Each structure stands twice: as structure tokens, then as C-alpha cells.
Amino acid sequence: MFFFYQILVADNGQLRYCIHKFLVSRRVRSAADTDSRQSAGRIKLSIIGDGMNKSVGDMDSGSVKSARDDDPDATDRAQWGNGIEFLMSCVAFSVGLGNVWRFPYTAYDNGGGAFLIPYFVVLFIIGKPFYYMEMVLGQFTSRSCVDIWSASPLFKGIGYGIAISVFSVVTYYCALMALSMFYLVASFQSELPWSTCNPEWGDECVDSSSTGSFNRTSSKSSSAELYFLRVVLNESSLQNGLGTPSWRLVLCLLASWIAVYIVLSRGVKSTGKAAYFLALFPYVIMIGLLVRAVTLEGASKGIIYLYSPTWSKILDPSVWYAAVTQAFFSLGVCFGAVTMYSSYNNFNHNVTRDCTIVTSLDLCTSLIAGTAIFGILGNLAHELGNDDISTVVRAGTGLAFISYPEALSKFSVVPQLFSVLFFLMLFVLGVGTSVAFSGVVISIIKDDFPNVDQWKIALGVSTCGFLVGIIYCTPSGQYILNLVDYFGGTFIIVFLASFEVVAISWVYGINNFMDDIEFMVGNRPSIYWRFCWSFLTPLMLFTILIYFLATMTPLTYNNETYPTAAYAVGWTLLVVGVIQFPIWIIIVKMKNRDKSWLELLKPTSDWGPKNPKKRREWMDFKESRRIIREESLKNSTKAKIIATLFGVQK
């Protein structure tokens, strides 16, 4: 009676204490009763049988469960050796090729310095909140991007759609690594092979190593451009068919996948150790290239050109769409890798701190890479006697494999060294991201088939990725790469991300999600996180998605339209990824015909922490929060409005 009297007269803080005390005491009594029953069972076994029976009694499920409960982080899932391995793995994944060549050209093409404003806004409204949400989901559940949807089973198809998109992306990511390796090996020659023209190119070629004015609008091309198109790619129009794969690119692709497999073969044990090198080594090279770039003659013009704002573009919706896609590919949100990596964490790891570090470092890396790249391009324009920097800038792979090699060929001091460093950096960045992408697919398979060895799953995924990637080694490979990037990467990810944030914030419930975070890390997220997850992030994502659909135009490559069959393949890939969402809604309903649609939107019985002890503590915590929330909202309409907008204060 005294306990209930305390509840009636207690304030909010005292109320929380009383409820917690009551729930804990109830758990203790329940555990004591369970131990008594288990002890009685063991005594009975020892009386009935001999020594072997006694051993069986000591090894019953109750004893094993109690032993596991002593370790608050014990789960069946592998874990990082320490928190630094997780942080380094996230850095190696998020800081990749998107920072080095995608960001500089995207910024230049969308208003220069003016692009940074929508990009910063998108990072704080979509990028950072989404990154943190995926970190929390993975660490809280210790599950893959598919199994986390025990939070709301009807959304399970989001996980499978992400898996299809990620596998599509990683196949061409390793193809880009193959190009980097090709140039890396070629850089060890006494003279960079793209610095001079081959005799068969005739008068249409101009040596990239030469200085002086060169009009790119004429029929002439630089040796660096012809080397990439005719020697490396042997490129031909998709209208002529795919063609025969280049055996040299296939070997480079094989070497790339072998590197990825070696890192993945032992799971988090090998991934965690390799993460130190994959995360830190590119920065050593990047800083060295930055120092070299800013000391080159004409570099300042290139840097100023990159960051000179075109203010009229700020209100252009296409610029905001470019900012969103850049944030997605730069941070790697909604690709399942952040969820996968955080699922190997200790339950109480400080993901809030790591999210801030990774997202801030990713932005700084993009700015460093952009400054270094355009500093060198400024020097290239200066050497050509051209004041228009735009004449030396190319989009996509052309920036990394034409513009940059051409600039390197004009270096007077050891151009081979800087070429080796640059392409080695690209390759290492590609390994870090490809390991994460492949790990997403592996984690999904491993969760469904836990008895299969890690190295076997990694070998199967790597082999499939290599075989699919051969198509990018054909003369029309870049056409296919552009097609897969557009249909298999961008659209599927933006579509699924829009529904993922809605599922967590509005279906599972923002209060439930914030309760889970408070229980896990010890602090309740601020109003910034709540407002983004509930309103800003889903609103902006759906706005961008609608804009993308409304302005969709036929995809082109080098101003050339694709054959009808190619468009059909692209749309098929898109549909296969997106349709996972409605298909799994139907599958889940058919498997649970006795349950209503509303019940299938609610968490399943296995939702929550995997560790039994943590799970019981979480259930007690959730019960106490429920009682407190009901008490706080019971008598005040004003309190209900405040709680809806800002959450219940501790």
C-alpha cells in the first residue's frame, strides 16, 4: 500500500524512480523463482541418475542462459575488437570515390560555392539524421538491414530492395577500381603512356605533355583522352553491341575482387584490422596531393573557379536534387552498410559521437578533394594558356581518368610518383566502400544461414560480383555503368529511403524510437533529431522523389541516347528493386493471415536487443516510460500538444 501511496503523491522524477524500483524488484523475484525451479530440477536429476546425469543438470538451458546474462553484450553476432575499428570502418566506407571525383564536378556543375549552401542544408536535414538513425537501428537490434524490420514487418521489403541496389552498385564500383588499377600499373613506366600520342592516332592527337594553347572545340583530342577511350576502354557505341571484354581490364577486375574478398573473408575480424589502413592511408596521399596542388602555378584560379558562387542556381530544384544524391552517395546512407557495421557494436557504444565524427569528416574530405583536384586543373589550364577552367573539366570518370592524368603528364618533377599516389588512393578508397557494400549482402545471407562459414558466403558474393562486373569491361561498358548507376542506384535508394524514415518515425513511432536510443546510449536525443526524423527528413525526401519523377528524361551517355532494349533493362532493374516493397507486404500478410494489417505494422515478439538481460531491462524501461507518459498526458491538453511536437522530457 505504501508503494501506491508514493505514486499518488510523487512528482515526475519520484514517479519514475518508484516505477523503476517496482519493476526491478518484480524482475528480481521472478529471477529468484526461476533459479529455485532450475535448482530443484538439477537436484532431481542428480538423485535419479549418476555423474553423467549430474552434468546434464549443470548444463541445462537455464544455466547457459544465466551465464550469457552475466555478459551485457553477449549475442550470437560477431563484434568489433574495439570501438575504433567500427569508427575506422565507417570512415573507410563513407569516404570514397564520391568525395574525390563526384563531389568536385557536382559542385562545379551546380553553382560552385552556391552549391555548398544546399549541400550543407541537405547534410543537416537528411544526411546526418539518416546516418544516425541507421547507426541506432543496427546497434540496437544487432541485425542486418532486412532483419531490423521486425520493428514493422510490412516494411521488410525495404531491406531486400536495398540489397538489390547495393549489389548493383558494388558491381560497377569494382569496375571503377579496375580502371584505377589499370592506371596504377601503367604509372610505373618510365614515361606515362598517356602523355604522348600513339602513331596510329595521326594528326587528330595532341601530346598531353606539351604546353601551349589547345582548342578543345576543334577536331583534335589530347593523348590522355584518346588513351582512355581507345587503349583502356576501346570504347564503341552501345548501338554496335557490347563487344568483347578487354582481358587486361578483366584481370584488373579480378584483382580488385580478390582484394575485397581478402578483407571480407574472416568477417569483422579481418574487416576491422584492415579498416585502419583503408581509412587513414588515403588521407596521407590526399594531403600530399593538396600540398602539391596549391603550390602549382595557376592553381588559385582553379580553386577560385570551383568555389565562385552562381547565386541564381540556389533556387533551382535540380541543384537541390544534386545535393541530395551527392549526400546519399558520399555518406552512403540507405545502402545498409551503416546498419550492418553498427550491428557488430557493443550495445552501449556511443554512436552519437561516431555519427558526428564521420559526417563531419566526410564533408571536410569532399572540400579537401575538391580543392586539390581543381588546383591541379587550374594548373592544367595555365599550362595550356587557357583562362577558361571549364575547358579542362570533365564529368564522371572523365575527371579522374582524362583531366587528372592530363594534368599529371605536365608535371616537371616525377609525374610517375604523383600518378602512382593518386590512383593508389582511388583504389584504396574503392576497396573500403566495396567491402562495406559486399558486407551488406553477406550479412543478410549470414543471418538467414548462420551455420554457413563466412569465407564461403564472401567467396560466393565476390564470384558473382566479378562475373557480373565483366560486362563493364566490354567496349560499351561505360554505357552500362551509367545505366546501372541511374536506375539501380539513385532512384531505388531515394525511393526506399523515403519510406524507411516514415516507417521508423510514424509507424514504429518517434517516441518508441527515442526511448530505445535513451535506453541504449543513456541520453535522449535533442529536438533537432526529433524534428528532422518526424518532419524535415521525410518531407524533403518525398519532395525530391516527386521532383525526380516529374522531371525524368531519357538517359543519355556522351549526348547519345540508349537503344530501346537498354532502357528496358534499366527499367527492369529499377522495378525489381522497388517492387520488393509491395511484394513483401503481400508475402508477410500471407504468412500471417490470422493477423490484421494493423497488427503487422506493429513490432514482432523478437524486436529489441538480442541479449536476454538487456532485453529484460529494456522491457522494464519501456514499461516505465509508458506509465510516465500516460501520467504526464492524462490531465493536460497543452501537455499532449507539447509532447507530440517535442517529446516527453525526462
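Observations
- By the count of neighbouring beta-carbon atoms within 10 Å, fewest first, Ile492, Ile287, Ile368 end up ordered Ile287, Ile368, Ile492.
- HN-Hα J in Hz across the range 125-134 - Karplus 6.51, -1.76, 1.60, θ = phi - 60°, x for Gly and Pro: 9, 10, x, 5, x, 5, 4, 5, 4, 5
- FRET efficiency for the pair Thr564 and Tyr486, taken as 1/(1 + (r/R0)^6) with r the Cβ-Cβ distance and R0 = 22 Å, rounds to 0.85.
- Flagged links, alpha-carbon separation over 22 Å, of Lys589/Lys622; Lys456/Lys613; Lys301/Lys410; Lys128/Lys610: Lys589/Lys622; Lys456/Lys613; Lys128/Lys610
- Ordering of 476-486, 170-180, 312-322 by burial proxy (mean other Cβ atoms within 10 Å per residue, highest first): 170-180, 476-486, 312-322
- Taking all pairs of distinct alpha-carbon atoms in the range 488-574, Kirkwood radius in angstrom: 15.5
- Kirkwood Rh (inverse of mean 1/r, distinct Cα pairs), the range 368-526, angstrom: 20.4
- The phi-based Karplus calculation (6.51 cos²θ - 1.76 cosθ + 1.60; θ = phi - 60°) puts the 3J(HN,Hα) values of the range 592-599 at 10, 5, 7, 9, 7, 4, 5, 5 Hz, whole numbers, x for Gly and Pro.
- Residues Lys273 and Asp207, FRET efficiency given R0 of 45 Å [Cβ-Cβ distance, rounded to 0.05]: 0.50
- Listed residue (Asn240, Thr310, Ile262) projecting farthest to the positive dipole end of the range 204-344, Cβ model: Ile262
- Using only Cα coordinates, the Kirkwood hydrodynamic radius of the range 83-558 works out to 22.9 Å.
- Each pair of Cα atoms in the range 463-508 enters the Kirkwood radius, and Stokes-Einstein at 4 °C and 1.567 mPa s then converts it into a translational diffusion coefficient of 103 µm²/s.
- Of Gly113, Cys252, Ile158, farthest towards positive along the dipole that unit charges on Lys, Arg, Asp, Glu beta carbons give the range 83-558: Ile158
- Residues whose amide H falls under 5 Å from that of Ser222, counting only those 5 or more places apart or on a different chain, are Val206, with hydrogens built in the peptide plane.
- Relative to its residue count, the range 485-533 spans a Cα convex hull of 90 Å³ per residue.
- The overall shape of the range 432-546, judged from the alpha-carbon gyration tensor, is oblate: a/c is not under 1.5, and a/b is no greater than b/c.
- Cβ crowding within 10 Å averaged over residues, with 613-620, 553-560, 581-588 ranked highest first: 613-620, 581-588, 553-560
Where a number appears in this text, it was derived from the coordinates with a stated rule and is not lab data. This structure is a prediction, so every number in the text was calculated from the model and none was measured. Reconstructed Cβ throughout: ideal geometry from the backbone, glycine too, with neighbour counts over all protein chains shown.
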